[in-house]
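The values are calculated or read from the model by the stated rules, or taken from the named source; none is laboratory data. Fair warning: this is a prediction, and the values are worked out from it, not measured in the lab. Ideal geometry is used to build each Cβ from the backbone, glycine not excepted, and the neighbour counts take in all protein chains shown. For the accessible areas, the whole protein counts, side chains as well, though only heavy atoms, and no ligand, DNA or RNA atoms are used. Shrake-Rupley method; radii C 1.70, N 1.55, O 1.52, S 1.80 Å.
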Amino acid sequence: MSHWRLDWPTSGGERLAYAQLKVSPADFFVDEVLDLTGELTAPEPTEVRGRGEHLCVRLEKVGDNTEFVARELARLTHCRNFDVGFCGLKDRHAVTRQWFSLYRPGREAEDADLLQGISSRWPVVSAFRDERKLRRGDHRGNRFVITLRKVSGDRQAIENALQRLAAAGAPNYFGPQRFGRDGANLDRALHTDPSALNRRRRSGGKGRGGKKRAGSGGAKNVLYFSAARSWLFNEVLAARVQDGSWAEASATGPLWGDGGTTATGPLEARERGIVSQTPGLADLFSVTRMKPERRPLAARPEDLVWHWPGDDCLELAFLLSPGQYATAILNDIFELEDMSLGRHNEQQG
């Protein structure tokens, strides 16, 4: 039995209905929306517009996670893994349209042939050239179309909850998959040397001669510390949900770091009090040199619409900002059974 809390309070006090999620990949469609002035949708996938050293390619993928696709694109284009950029991780068990950038200066004449080669692996939806590499968080958000099946619960109560979701949003929790099975990533964080993370950050993850250190485990360390600060955020948010203050305008919570929180006054005292209840995690950040940050307490879906294709089938469409999770906001209303976990038990954020 895990000693970590991995299920946090909902805005309404209880979940109103049961539903199955991801019965098939087509039930979870994600379309990444860029916020770059050069974004263009080409009439033909092999027609590339725009100018710059980076070829930005919009792919549709099923069954492959983001980092695997990025590595394969590097291999197909004979470039370094570092030369492939993307905005965020997308779920493997879904139909996702996602942008990747490939550093290919002076090779514009080869773009059409390259896109044809890529399309033999993944459908190429569109492409353009830009002066910048795509980096984490560069996108405006993600547009979702999600189908829930075997929905059971009072339909009018569900409709009312969805209207509240459209108006006020839902608690902006990090999803439990971030913490590993039974909180295993949190356990590992407690047994990780924070100074190893600092060494990796100073060297860029490289050893002598600028080469990547094999077997350093640096990426895993980052994952574990990210899980720790996400869990502490959820704990602070849970307290705000319980007293009803989570939905206040522009309310934010702490992403813990060196020095703890940037909050001041009574809010600082409250956040430090909550985090101090888990001293093992809190103490990690006094030596990690992670900069404290803030994260909105509410996730507010844009353009939320829904309809019932069948008596026990509900389809929802909405746009979320980067770093907000569709399953987290749906979990505020529904007790979700993720049907993909029985097949592969792997998720991406």
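Within the shell defined by Cβ-Cβ distances under 12 Å, the residues around residue 74 carry a net charge of +1, with Lys and Arg each +1 and Asp and Glu each -1.
Just to confirm my numbers, what's the Cα centroid distance between segment 218-240 and segment 254-281 in Å? With segment 218-240 and segment 254-281 each reduced to a Cα centre, they are spaced 13 Å.
Separation of segment 155-186 from segment 282-296 is 24 Å, based on Cα centroids. Residues whose amide H falls under 5 Å from that of residue 34, counting only those 5 or more places apart or on a different chain, are 140, with hydrogens built in the peptide plane. Where only DSSP H runs of four or more residues are counted, the chain gives -8500 deg cm²/dmol as its mean residue ellipticity at 222 nm, each run worth -39500 (n - 2.57). Ranked from largest to smallest solvent-accessible area, with a 1.4 Å probe on the protein heavy atoms, 33, 241, 222 come out as 222, 33, 241. Which helices, taking whole DSSP H runs in the chain, have alpha carbons extending 24 angstrom or more along the helix axis plus mean Kyte-Doolittle at least 0.0? Span-like helices, by this rule, are 218-243.
Overall shape: oblate for the chain, with the ratio a/c of the largest to smallest alpha carbon gyration tensor axis at 1.5 or above and b/c at least equal to a/b. Applied to segment 58-64, the Karplus parametrisation 6.51 cos²θ - 1.76 cosθ + 1.60 on θ = phi - 60° returns per-residue 3J(HN,Hα) values of 9, 10, 10, 9, 9, x, 10 Hz, with x for Gly and Pro.
With θ taken as phi - 60° and the Karplus curve 6.51 cos²θ - 1.76 cosθ + 1.60 applied, the whole-hertz 3J(HN,Hα) list for segment 95-108 is 9, 10, 10, 9, 8, 10, 10, 10, 7, 9, x, x, 10, 4 Hz, x standing for glycine and proline.
Annotation: amide H-H contacts under 5 Å for residue 255 (H modelled 1.01 Å from N, sequence separation of 5 or more, or interchain): 293, 294, 295.
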